[in-house]
Amino acid sequence: MTGPSAPLVLTLATPTEVETVRSLLEEVSAWLLGMGLRQWPERFDDEWFVPALEDGHTWLARRGEVLVGTITLQWDDELVWGARPPDAGYVHRLAVRRSAAGTGAELLVWAEGETRRAGREFLRLDCWSENARLRAYYEANGFEHRGDTVEWDWTVSRYEKHLS
């Protein structure tokens, strides 16, 4: 089955899929930039995503044969969250093609399940603090704002969801 009613299937991205992941991230980044949102860079250099892919933290989401999104789920994030006990999963680079709008919430539910299976009680993520639409989206999906921090040269908002 293909199309919007096909089940969402996630597979671990392999090092041979670097260009597939890069292309999808840059496609979504271009859409965001077109809306005036500087959430991500125009071009994803390797250091932005390849280490997570090589470490087995990046997933590809498909409906049938169609690639609709990607998500990275890591088990620590000292850059944004500081040193923490191993109690959370950290979402990065959640990207969904515009033709698959609505899939982001499914990817967050998937990340919640993976985080629970890993015995952790929180799911955390961050986004550019000036992206009000994305912040509202995360809040509508049950995430609570946990403060802002400066990452590189811009301010990011940290969000956390308690997985009960």
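Table for the structure above
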read-out	value
Anisotropy class of the chain from Cα gyration tensor, a/c 1.5 cut	rounded
Distant-in-sequence amide H partners of V68 (H built 1.01 Å from N, under 5 Å)	A61, R62, R63
Efficiency of FRET between E121 and V150 - r from beta-carbon atoms, R0 30 angstrom, step 0.05	0.65
For L32, net neighbour charge (Lys/Arg +1, Asp/Glu -1) across residues whose Cβ lies under 11 Å away	0
Share of carbon and sulfur in the accessible heavy-atom surface of the chain [1.4 Å probe, %]	50 percent
Global form of the stretch 1-45, assessed from the alpha-carbon gyration tensor, a/c cut-off 1.5	oblate
Solvent exposure of the stretch 1-59 as accessible area per residue, Å², 1.4 Å probe	56 Å²
Backbone HN-Hα couplings from phi across the stretch 158-164 [Karplus 6.51/-1.76/1.60, Hz, Gly and Pro as x]	9, 10, 9, 10, 7, 9, 8
Relative contact order of the chain, pairs being alpha-carbon contacts under 8 Å that are 6 or more residues apart, as %	19 percent
Estimated 222 nm signal from helices in the chain, with DSSP H stretches of n ≥ 4 weighted -39500 (n - 2.57), rounded to 500	-10000 deg cm²/dmol
With DNA, RNA and ligands ignored, accessible area of V28 (1.4 Å probe; Å², nearest 10)	10 Å²
Spin-label pair S23/A105, simplified geometry with 7 Å Cα→Cβ offset, distance in nm	3.0 nm
Whole-Å semi-axes of the stretch 100-164's equivalent ellipsoid (Cα gyration tensor)	21, 15, 10
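The values are calculated or read from the model by the stated rules, or taken from the named source; none is laboratory data. The model shown is predicted, which means the values in this text are computed figures rather than measured ones. We place every Cβ from the backbone using ideal geometry, glycine too, and count neighbours over all the protein chains shown. Surface areas here come from the heavy atoms of the whole protein model, side chains and all, with no ligands, DNA or RNA. Shrake-Rupley method; radii C 1.70, N 1.55, O 1.52, S 1.80 Å.
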